Every structure is written in structure tokens, then in C-alpha cells.
Amino acid sequence: MSDFIESNTNNDGVDRRGFLKCMAWAGTGVIWSINGGLLTSTVLGEEANNRSAIGTAELNFVQISDSHIGFNKPANTDVVGTFRETIVRINTLPKVPEFLLHTGDLTHLSDPAQFDALDQLLKECKTKDVFYVPGEHDIYDNGAQFRARFGKNTAGAGWYSFDQKGVHFVGLVNVANIQEGGLGTLGQEQLDWLEKDVKGLSASTPIVLFAHIPLWAVYPKWGWGTDDAERALSFVKRFGSVTVLNGHIHQVMQKVEGNITFHTARGTAFPLPAPGSVPKPLPVVVEATELKKMLGLTSVNYTETNHTLAVVDSTLG
Amino acid sequence: MIPWDKLHGATTHFPSQLGKETEAGKTPLTAENLAVRGRSFFFQSCAHCHGQDADGGEDAPSLLKLQISGAHMALVIQSGIKDEMPSFAKKYNEEETASLVAYLKTLH
């Protein structure tokens with residue numbers, strides 16, 4: 001599988017540096033709509049541009065990620081506030097989403113009080129059903145808190161699947177055994193389970209895989225990828241529509257490869273730098289006023305199949 | 001690269017465990033293989049905050065050249081630091097914590 005843009009291969013005038021710079025900022029959540037079996041995405045704050053699709057969709061759900069409740073460093077000293085703002089945006093969507101997917105790092109330190117705070121905040125959300133996968137920050141206690149709260153009816157380290165309106169969703173855990181270099185790992189047991197889980201499904205079933213660390217090699221040097229993801233993807237290649245949703249990198253990136261669309265969501269807590277733009281992926285500190293302005297500013301869609309790069313800008317204020 | 005040549009001289013804060021056998025692999029608990037195990041625990045649980053090179057990362061400081069005792073390191077790993085670092089008491093038992101300490105000592 002190809003990794004990331006090394007050079008500009010078309011004439012859109014956007015080179016890799018420009019692409020990385022532009023994609024660094026995006027919305028605090030993503031709403032997904034299914035119309036006629038096709039998944040479309042809209043960054044929260046841009047839903048006015050897609051009101052009709054959301055209104056007529058068979059299924060709407062929102063992906064949120066990396067809330068890091070408990071984080072208190074200069075990159076965002078009010079993660080509760082930005083999470084609450086995300087909930088307000090969800091509540092004001094033209095149609096209440098059926099459920100939320102939280103793709104991990106709910107908390108910063110796996111602290112029970114931080115899990116409690118997240119629970120309380122989500123009570124303010126009109127959408128009540130939330131499906132989770134853990135991030136590495138959620139399992140410092142070996143996943144005890146996470147599993148007790150969200151791991152009922154899951155297998156292994158917390159993986160599971162469910163169906164909603166004809167779409168098959170699979171929550172995967174790739175943070176339980178992170179290796180040197182930081183890449184996520186699914187592991188043989190989970191891969192065997194996944195193969196079995198999707199085996200009996202019709203190839204026309206839309207599939208959504210979600211996990212914390214990207215299931216594609218966004219930037220392996222920073223551990224932004226999953227070591228054995230290709231095996232997992234080999235089980236779903238026969239399906240006509242596969243969507244892979246991840247968090248971890250705190251920025252929106254999207255890639256289409258064959259029938260598989262990969263999407264990483266922006267976190268609600270703090271920004272991380274564009275891949276390779278700095279020596280280490282440290283939280284990016286900006287002025288408080290800028291932080292809010294920058295959320296929801298830019299969404300980037302990279303379609304590998306036709307080498308088209310679309311950058312959409314919008315402001316929240 | 002990890003200075004493996006330093007492992008031979010590494011000691012842990014649980015010297016009483018050295019020479020005992022682990023339950024699974026029946027491998028003697030030498031300072032060297034403690035540090036090897038600790039290294040994998042480090043990448044599993046510590047590196048994403050302290051950096052893959054242990055020289056500071058996401059929001060946690062460098063662990064290179066720590067000027068605290070092995071016992072103090074173990075205490076911090078087990079107890080955490082309020083609002084700063086999680087407790088790993090439920091993830092790593094005493095022996096596993098000793099492994100992590102043994103590895104951290106190789107970073108001096």
C-alpha cells in the first residue's frame with residue numbers, strides 16, 4: 001500500500017508541503033450520511049453545505065475522536081470546553097445522528113474521574129448511542145476502566161461489530177500492543193476474528209472499520225500506521241464499499257484506494273503537527289483565539305485514484 | 001540505538017528477584033533480560049508520551065539521564081503523578097515495573 005505523497009504527480013499546483021500544511025486543521029467531528037448505500041462525509045461546521053444529504057440520509061452518524069479529557073497543557077487548557085462545543089454542533093445538526101463513534105483517547109490518563117467527566121458531557125448530547133474503541137491513553141490501567149464501561153459484549157481486548165440499517169460496523173483495537181516505533185498492532189487473534197466476522201457477509205454490504213490508530217501508513221516514522229493493517233484490509237477488499245475511520249493524529253486526512261476510503265478525524269482536544277513538518281509530533285500551541293478559529297477551518301480530500309486534491313475552507317465564526 | 005552494552009551493568013531496585021525464574025519462560029531474571037522486557041513495555045506504554053527516543057514527547061519530559069533512584073522510578077510508575085502521569089499499578093506488577101526500571105537505567 002502506498003504511504004503518503006512524496007511529490008506532486010499532477011498539475012493541481014499543490015505539492016506535498018502545501019498539502020501537509022493545508023490539511024493540518026479541520027473540524028472537531030465528522031458527520032457521515034448514507035444515501036442509497038453510499039457514505040458521504042461532512043466536517044462539523046460545514047453541514048450547511050450538505051443539509052439536503054443529511055436530511056434525506058438513511059443513516060447519519062458522527063465520528064468524534066481524541067477528546068483527551070484531563071489534558072491541561074498550553075495547547076488547550078480547556079478540553080472540556082472544546083468537547084462541549086463539539087456536542088453543541090452535533091445537537092444543532094439538521095437531523096439528529098443515530099449514533100456517535102468515538103475513535104479513542106477519550107481520556108488523557110485513563111483516570112476514572114476523566115471517564116466520568118466524559119460520561120457527564122455526553123449526557124448533553126441529543127444522540128444517546130455512542131460506540132467506542134480505546135486509544136492508547138485509555139488503557140494505562142490495562143484497559144480495566146474502559147472495558148468495564150464500554151467493553152461489554154466485546155471480544156479480546158475490546159473488538160466488536162454491529163449492524164445498522166444494512167451497514168456492518170467493526171470496532172478494532174490496535175493500541176493494546178504498540179511496538180517499537182509506535183505503530184499499532186491488531187494481532188493474530190483479532191485478525192482471525194475479523195476474517196470470520198465478515199466472511200458470511202454479502203459483497204454488497206457497506207463496511208465501516210473504525211480503530212484509533214490509522215489503518216493506513218499515514219506517517220510510519222511517527223508511528224502513524226498499523227503494522228498488520230494490510231491483513232485486515234485484505235479481508236474486506238471484496239466489498240464494494242469500505243470506509244475506514246481513525247483518530248490518533250488529530251487532523252483530517254482522507255485517501256481513497258480502490259473501494260476503500262480512509263479517513264482520520266480531527267481531535268476535539270489539541271492539534272498535532274502535519275506529518276514530517278517538525279521533528280516530533282508534539283501538541284501545537286497557538287493563541288487561544290486562533291485555536292477556536294482554526295477548528296473547522298480546512299478539510300482536505302485526497303483521491304489517490306485520480307490524483308485530485310480538494311481543499312475546502314470554512315470558518316466557524 | 002539502545003546502548004545494550006550497558007545492560008550488563010544494570011541493576012534494578014528489586015535485586016532480590018534476580019536469578020529467579022519467570023513463570024512462563026523459565027528464563028532467569030537477570031538484569032539484562034529484565035531490561036529487554038522493560039524495553040518492550042516502554043514502547044508499549046511510555047514512548048507515545050515520552051518519545052520513541054525517551055527524550056521527551058507529546059506532553060511528558062525526557063527520561064534520559066534521570067537523576068532519581070530505581071526505587072523512586074518504580075514508585076512513580078506505580079503511583080503516577082497527579083494530573084500529569086497515570087498510575088501503571090494495574091498494568092505492570094512489581095516484576096514488570098522492575099523491568100521498566102532496568103530499561104530506564106540503561107538510558108543513563
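Read the figures in this text as sums done on the coordinates, not as results from a lab. All figures in this text were calculated on a predicted structure; none of them were measured in a lab. Using ideal geometry, Cβ is built from the backbone for each residue, glycine included, and neighbour counts are taken over all protein chains shown.
Peptide B:43-52 is shielded by partner chain Cβ atoms: per residue, an average of 6 of them sit within 10 Å of its Cβ.
Close amide H contacts of B:Ser62 (hydrogens built in the peptide plane, cut-off under 5 Å, sequence separation of 5 or more or a different chain): B:Gly56. Amide H contacts of A:Val167 (H built 1.01 Å from N, in plane; Pro and chain starts excluded): no residue 5 or more places away or on another chain comes under 5 Å. A simple packing score, the average count of other Cβ atoms within 10 Å per residue, orders the peptides A:239-245, A:207-213 as A:207-213, A:239-245, with the highest score first.
As a rough guide to protection, the peptides A:220-227, A:267-274 ranked by mean Cβ packing within 10 Å, highest first, stand as A:267-274, A:220-227. For segment A:112-124, putting each phi into the Karplus relation 6.51 cos²θ - 1.76 cosθ + 1.60 with θ = phi - 60° gives couplings of x, 5, 6, 4, 4, 4, 4, 4, 4, 4, 5, 5, 7 Hz, in residue order, rounded to whole numbers and with x for Gly and Pro.
By the beta-carbon count within 10 Å of each Cβ, the least crowded to most crowded order of B:Cys46, A:Cys125, fewest first, is A:Cys125, B:Cys46. Average projection, convex hull of the Cα set of segment A:217-258: 3.3 square nanometres. Counts of other chain beta carbons within 10 angstrom of each beta carbon in peptide B:84-96 average 4. Annotation for A:Lys221 and A:Asp78: the two label points, set 7 Å from Cα along the Cα-Cβ direction, are 3.6 nm apart. Per residue of A:220-228, other chain Cβ atoms within 10 Å of the residue Cβ number 1 on average. In a DSSP loop and with at most 16 other Cβ atoms within 10 Å, the trypsin sites (Lys or Arg not before Pro) in segment B:23-108 are B:Lys26, B:Lys65, B:Lys82, B:Lys90. Ranked by the mean number of other Cβ atoms within 10 Å of their residues, highest first, the peptides B:71-79, A:166-174 come out as A:166-174, B:71-79. Summarising the amide proton neighbourhood of A:Ala269: residues at separation of 5 or more, or on other chains, whose placed amide H is nearer than 5 Å comprise an empty set.
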